[in-house]
1. Kindly check whether there is at least one residue in the range 25-34 that is surrounded by 19 or more Cβ atoms within 10 Å (Cβ to Cβ) and over 21 Å from residue 101 (Cα atoms).
2. I'm checking my understanding of the structure. Among residues of the range 76-124 that are touching a helix residue (DSSP H, G or I) at 6+ places or on another chain (Cβ under 9 Å) and at positive phi, which one is modelled with the lowest pLDDT?
3. Of all residues in the range 25-45, count the ones that are assigned to a helix (DSSP H, G or I) and modelled with pLDDT under 95.
4. In the range 14-24, what count of residues is obtained for those that are assigned to a helix (DSSP H, G or I) and buried (at least 16 other Cβ atoms within 10 Å of the Cβ)?
5. Could you tell me how many of the residues in the range 61-108 are within 15 Å of the chain's Cα centre (by Cα) and more than 17 Å from residue 9 (Cα to Cα)?
6. Restricting to the range 92-113, what's the tally of residues that are free of Cβ contacts under 8 Å to residues at least 60 places away in the same chain and buried (at least 19 other Cβ atoms within 10 Å of the Cβ)?
7. Does residue 69 count as buried (at least 18 other Cβ atoms within 10 Å of the Cβ) and out of contact with any helix residue (DSSP H, G or I) (no Cβ under 6 Å at 6 or more places or on another chain)?
8. Filter the range 123-143 down to the residues that are in contact (Cβ under 8 Å) with a residue 12 or more places away in the chain, within 26 Å of residue 22 (Cβ to Cβ) and over 12 Å from the mean Cα position of the chain (by Cα) and list them by number.
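The values are calculated or read from the model by the stated rules, or taken from the named source; none is laboratory data. Since we're looking at a predicted model, the values are computed, not measured. Cβ: placed from backbone, ideal geometry, glycine included. Neighbour counts: every protein chain shown.
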């Protein structure tokens with residue numbers, strides 16, 4: 001599954017580096033470009049989003065963060081994914097490498113905090129589940145299909 005995690009990271013690098021993807025096509029591209037240009041408001045916004053998503057992960061771990069039509073497991077996977085998204089695009093904008101970001105350890109630190117039985121679940125949430133969730137979300141973006149299929 002590390003290969004899938006690397007693939008996820010490479011897709012974000014592709015968004016950053018590709019001239020085929022514009023800011024109009026991709027909000028992620030727009031944010032990354034603003035981060036690269038050290039736009040103060042965007043930098044502050046990203047740090048605010050990281051903090052908010054971390055709080056939502058913590059609430060989801062406790063089973064007190066809800067989304068309509070989602071199970072507690074789905075909510076937690078989604079919130080971890082969103083938290084990691086903001087960390088990743090901030091890192092991508094600074095040209096941090098996959099190894100330096102150490103996304104697997106970041107996710108596993110969160111997963112170790114989860115008592116899955118408190119969420120009414122039996123099966124642990126895994127690093128692979130988080131990465132698969134992200135890749136599935138990426139597959140929904142038409143402009144990413146060429147890179148997803150080629151990695």
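1. There is no residue in the range 25-34 that is surrounded by 19 or more Cβ atoms within 10 Å (Cβ to Cβ) and over 21 Å from residue 101 (Cα atoms).
2. Start the filter on the range 76-124 by keeping residues that are touching a helix residue (DSSP H, G or I) at 6+ places or on another chain (Cβ under 9 Å), which leaves 76-98, 100-101, 103-104, 106-108, 110-111, 113-116, 118-124.
Among the residues that remain, those that are also at positive phi are: 95, 120.
Details: 95: 97, 120: 86.
Checking each candidate, the answer is 120.
3. Our first condition is that a residue be assigned to a helix (DSSP H, G or I); within the range 25-45, this holds for 27-36, 40-45.
Filter once more, so that each one left must be modelled with pLDDT under 95: none.
So the count comes out to 0.
4. Selection size over the range 14-24: 3.
5. Qualifying residue count, the range 61-108: 6.
6. Quick first cut of the range 92-113, residues free of Cβ contacts under 8 Å to residues at least 60 places away in the same chain only: 94-97, 99-100, 102, 105-113.
The next check asks that each one be buried (at least 19 other Cβ atoms within 10 Å of the Cβ); those that pass are 107, 110.
Going through the range 92-113 one residue at a time, the tally reaches 2.
7. On the way: buried (at least 18 other Cβ atoms within 10 Å of the Cβ): no; out of contact with any helix residue (DSSP H, G or I) (no Cβ under 6 Å at 6 or more places or on another chain): yes.
For residue 69, the condition - buried (at least 18 other Cβ atoms within 10 Å of the Cβ) and out of contact with any helix residue (DSSP H, G or I) (no Cβ under 6 Å at 6 or more places or on another chain) - is not met.
8. 141, 143
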